[in-house]
Amino acid sequence: MKSASLVVVAFAAIEGIEGFLSTSLHRHRPSPGRDARAPSLSAASTEGPYALLFDCDGVIIETEQLHRLAYNAAFREFDLKIRNEPVEWSVKYYDVLQNTVGGGKNKMFFHFRNTTGTFPSSGDGGPVPTTPEEEQDLVDRLQARKTDLYKELIAEKAAARPGVLELMDQALADENIRVGVCSASTKAAVTKVLDVTLGSERRQKLDVCILGDDVSKLKPDPLIYVTAAERLNVDPARCVVIEDSIVGLKAAKGAGMRCIVTYTTSTENEDFYALGCDAKVPELGSKGVTLDMIFGPMKRDGPDAEILVGVKD
Ligand SMILES: *[C@@H]1O[C@H](CO)[C@@H](O)[C@H](O)[C@H]1NC(C)=O
């Protein structure tokens with residue numbers, strides 16, 4: 001008897017702690033009633049919950065050029081040379097990299113293995129790495145230095161793209177919509193970006209934040225979005241992703257989600273619709289995109305409804 005009641009007390013204590021944690025850490029924990037109902041909802045049901053997931057780089061802020069400058073600065077510091085030529089990524093070539101591989105280390109591996117076919121020498125004509133371990137070590141050190149240089153640039157220059165904070169705030173205020181950030185960039189870099197652009201208060205309200213180091217496969221693999229849907233316990237068909245690149249679009253569609261692409265001058269000519277994009281807009285702010293333009297049709301007509309009607313390109 002005594003031990004049984006102790007167990008009950010222990011459970012009550014755990015429940016109490018959980019209750020405390022969930023109310024203090026989570027903006028809106030789904031009620032047990034809603035969870036219990038969810039599995040019996042038909043696919044066409046328009047009930048929530050829904051989720052709005054933001055990519056970071058290119059969507060929340062335009063970082064492409066800052067990343068490129070930070071890489072080139074790191075390459076210069078390491079005095080990287082291939083066939084006696086300094087390694088430097090042009091605007092045009094960085095666009096190609098952006099549209100080919102996710103994650104900074106993968107970009108370097110792609111450059112050295114697929115584009116130039118050789119790793120560079122570094123510092124005072126230091127030797128070219130010969131083993132996969134040496135190659136990995138060089139790329140790791142370059143990425144670490146690049147991240148530091150990038151954080152310095154961000155602290156000086158970062159600001160959110162027009163309309164992003166407004167849309168995020170509308171979503172955060174809607175208890176039927178979960179909000180998250182899913183970025184392939186390294187945690188140190190993206191954390192800095194989010195601190196500067198969103199501010200810590202808004203950041204803490206996010207229901208999920210999955211960063212490059214948190215998943216084993218980077219975009220275009222859908223894993224990051226699959227993981228987000230699982231953590232949020234939201235049907236992928238009810239998740240809307242905002243992306244800016246083909247790599248991100250493929251990840252979102254691979255996870256079975258809706259995807260809005262906000263493009264920039266470097267990506268405006270890509271055929272996003274051919275790859276399953278649900279709506280293409282230049283910028284959220286310039287088109288006055290609201291939460292209702294996205295989720296209104298889905299709530300009325302089901303998760304497959306056309307979104308951003310009259311607003312998308
Ligand atoms: C880079 O080259 C490797 C080996 O040839 C190949 O398997 C891989 O698919 C290439 N990567 C890309 C992104 O094209």
| Subset of the range 285-309 (residues that are modelled with pLDDT under 95 and buried (at least 20 other Cβ atoms within 10 Å of the Cβ)) | P303
| said: What's the number of the only condition in (1) away from the ligand (no atom under 16 Å from the Cβ); (2) more than 30 Å from T264 (Cβ to Cβ); (3) open to solvent by less than 70 Å² (accessible area, probe 1.4 Å) that D140 fails to meet? | reply: (2)
| query | Restricting attention to the range 211-242, which residues are open to solvent by 50 Å² or more (accessible area, probe 1.4 Å), in a loop (DSSP other than H, G, I, E, B) and touching a Pro at 6+ places or on another chain (Cβ under 8 Å)? | reply | N233, D235
| task | Report yes if some residue within the range 118-129 is more than 16 Å from the ligand (Cβ to nearest atom), part of a helix (DSSP H, G or I) and of a type outside the set (S, T, N, Q); otherwise report no. | result | no
| request: Only residues that are assigned to a helix (DSSP H, G or I), under 18 Å from A144 (Cα atoms) and either within 16 Å of the ligand (Cβ to nearest atom) or among the aliphatic types (A, V, I, L, M) (or both): list them for the range 66-106, please. | output: L66, L69, A70, A73, A74, G104, K105, N106
| Assuming V208 fulfils every condition listed in (1) open to solvent by less than 30 Å² (accessible area, probe 1.4 Å); (2) on the phi > 0 side of the Ramachandran plot apart from one, which condition is it? | (2)
| note | Residues of the range 171-182 being surrounded by fewer than 18 Cβ atoms within 10 Å (Cβ to Cβ) and either assigned by TED's automatic domain parsing to the domain that holds G103 or part of a helix (DSSP H, G or I) (or both), in sequence order, are A173
| Unique match (being under 24 Å from V247 (Cα atoms), surrounded by 21 or more Cβ atoms within 10 Å (Cβ to Cβ), out of contact with any Leu (no Cβ under 9 Å at 6 or more places or on another chain) and not hydroxyl-bearing (S, T, Y)) among Q65, Q98 | Q98
| task | Would you mind stating whether R145 is crowded, with 19+ Cβ neighbours inside 10 Å and either within 16 Å of the ligand (Cβ to nearest atom) or modelled with pLDDT of 95 or more (or both)? | result | no
| field | Which numbered condition S185 fails, given (1) of a type outside the set (K, R); (2) at pLDDT 95 or above; (3) part of a loop (DSSP other than H, G, I, E, B); (4) farther than 27 Å from G302 by Cα | value | (2)
| said: I'd like to check something: does the range 274-283 contain any residue that is over 18 Å from the mean Cα position of the chain (by Cα) and closer than 20 Å to L218 by Cα? | reply: yes
| query | Would it be correct to say that D235 is within 15 Å of the chain's Cα centre (by Cα) and in contact (Cβ under 8 Å) with a residue 12 or more places away in the chain? | reply | no
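The values are calculated or read from the model by the stated rules, or taken from the named source; none is laboratory data. Being a predicted model, the structure only gives us computed values, none of them experimental. FYI the Cβ positions are ideal-geometry reconstructions off the backbone, even for glycines, and counts take in every protein chain you see. Please note that ligands, DNA and RNA were not included when accessible areas were found on the heavy atoms of the full protein model with its side chains. Shrake-Rupley method; radii C 1.70, N 1.55, O 1.52, S 1.80 Å.
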